[in-house]
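In what follows, a structure is listed as structure tokens, so that the remarks can point back to it.
The values are calculated or read from the model by the stated rules, or taken from the named source; none is laboratory data. From a predicted model like this one, the values you see are computed outputs, not experimental measurements. Because the Cβ atoms are built from the backbone with ideal geometry, glycine has one as well, and the counts that use them run over all protein chains shown.
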Amino acid sequence: MTEPHPRGAEPRIRKPVGDWGGQLIEPGQSGDVNLFISESFSSATVQIPIHVRRALEDGPVVTVTAALHGDEINGTGAIRRLISDKGLNLLRGTLVLIPVLNLLAFERHSRYLPDRRDLNRSFPGSPNGSLASRMARTIFDEIISRSDFIIDLHTAAVRRTNYPNVRADMSKPKVRRIAEAFGCEVVIHGEGPKGAFRREACLAGCPSIVMEGGEVWKVEPSIVESATRGVKNVLRELQMCDGPPNRPDYQLLIEKSKWVRADLGGFLRFHIQPGDIVEKDQPLATNTTLLGRERNLLVAPFDAVVIGMATLPSITPGEPVCQLGKLPEGTIPAELRRKRLKEDGLETQLSEDLASNFLVVAPSVAR
């Protein structure tokens with residue numbers, strides 16, 4: 001069956017979730033399947049391992065993916081935990097768990113494929129195109145075609161870290177539903193870059209969101225906890241699992257974000273940590289010489305939440321220092337900080353854990 005789709009978007013032909021090329025998972029069963037994705041240089045078959053868990057009762061098909069960029073493995077750790085979670089009982093529907101979507105890049109500890117292309121800019125792909133394009137086509141045909149909702153887990157790029165946030169096209173009601181249900185404090189509105197997995201899935205009629213959190217090449221416990229909590233929240237929202245949702249006391253919808261960049265080369269002293277709520281003109285980082293002499297001070301251009309930060313303090317002019325999400329109109333930063341302190345839950349722990357990877361110094365001490 002071909003589903004309706006927006007004009008100009010790639011059509012999505014639905015495939016049965018229980019049949020993976022002759023590998024059958026019946027209602028009420030769980031099992032592992034393998035999806036042929038490509039061939040290696042040695043002509044060996046490259047297959048993606050997938051775990052499929054089906055309830056007896058029909059319902060939505062939720063697919064959770066990680067390592068679409070091969071070095072972003074926090075999500076891999078989260079999905080592995082979900083697979084081993086014996087208490088995760090589905091009441092209805094199907095859960096498809098894919099720890100590593102981009103196996104060729106994962107095996108190289110790289111963001112990119114061997115052909116140097118970004119798989120997450122190659123969708124919906126083509127059966128006759130580049131390696132990236134062919135893989136994207138297979139994923140589009142075999143995974144997006146079986147899914148009603150997709151949650152794609154990512155991290156920051158190399159030498160950066162992200163405070164957990166959801167990225168979603170909030171103009172689409174079904175996308176908005178799962179984005180809010182996921183339960184991150186920060187939700188960033190946007191349809192995503194052209195050729196991105198979630199953007200093309202949404203255009204094909206499959207509501208999809210991205211969760212960003214942590215760093216590359218790591219499985220960080222608090223990020224894994226945030227991701228698994230979010231996936232379970234979505235399953236509860238869709239009435240696929242029992243239990244109350246576990247969400248923070250507030251949620252920020254960010255319409256505008258900005259990377260604050262260095263004007264001069266030097267060595268940074270950070271005054272903020274991921275997840276901090278900052279006010280306009282608040283010090284973010286002091287740029288110094290190697291002898292510690294101050295060159296200039298970077299300040300917040302508006303009231304914001306710190307979404308992402310550089311983890312490498314040595315910089316050249318133009319390099320990104322931190323990504324700020326502008327607070328919605330009428331939001332009072334001091335009130336948000338009070339709520340965070342009162343909550344004293346996972347969000348506070350996340351901010352402290354992520355900040356343990358670099359030195360944060362009070363501005364008065366730094367100067």
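Numbers for the structure displayed
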read-out: Criterion violated by Ala105 - all others in (1) in contact (Cβ under 8 Å) with a residue 60 or more places away in the chain; (2) touching a helix residue (DSSP H, G or I) at 6+ places or on another chain (Cβ under 8 Å); (3) under 19 Å from Ile50 (Cα atoms) satisfied; value: (1)
read-out: Residue list for region 10-36, restricted to those being outside any loop (DSSP other than H, G, I, E, B), among the aliphatic types (A, V, I, L, M) and at pLDDT 95 or above; value: Leu24, Val33, Leu35
read-out: Scope region 156-190; condition outside any strand (DSSP E or B) and either among the basic types (Lys, Arg) or not assigned by TED's automatic domain parsing to the domain that holds Val231 (or both); matching residues; value: Arg159, Lys172, Lys174, Arg176, Arg177
read-out: Filter result (among the small types (Gly, Ala, Ser) and either part of a loop (DSSP other than H, G, I, E, B) or without any contact (Cβ under 8 Å) to a residue 12 or more places away in the chain (or both)) within region 313-333; value: Gly318, Gly330
read-out: Residue in region 73-90 that is part of a strand (DSSP E or B), assigned by TED's automatic domain parsing to the domain that holds Ser208 and of a type outside the set (Phe, Trp, Tyr) present; value: no
read-out: Enumeration of residues in region 79-100 that are in contact with a His (Cβ under 9 Å, 6 or more places away or on another chain), crowded, with 18+ Cβ neighbours inside 10 Å and over 17 Å from Pro60 (Cβ atoms); value: Ile79, Pro99
read-out: Strands (runs of 3 or more DSSP E) wholly inside region 256-306 containing at least 1 residues that are under 20 Å from Thr348 (Cβ atoms); value: 266-270
read-out: Hey, Glu352 modelled with pLDDT of 90 or more and either surrounded by 15 or more Cβ atoms within 10 Å (Cβ to Cβ) or of a type outside the set (Ser, Thr, Tyr) (or both) or not; value: no
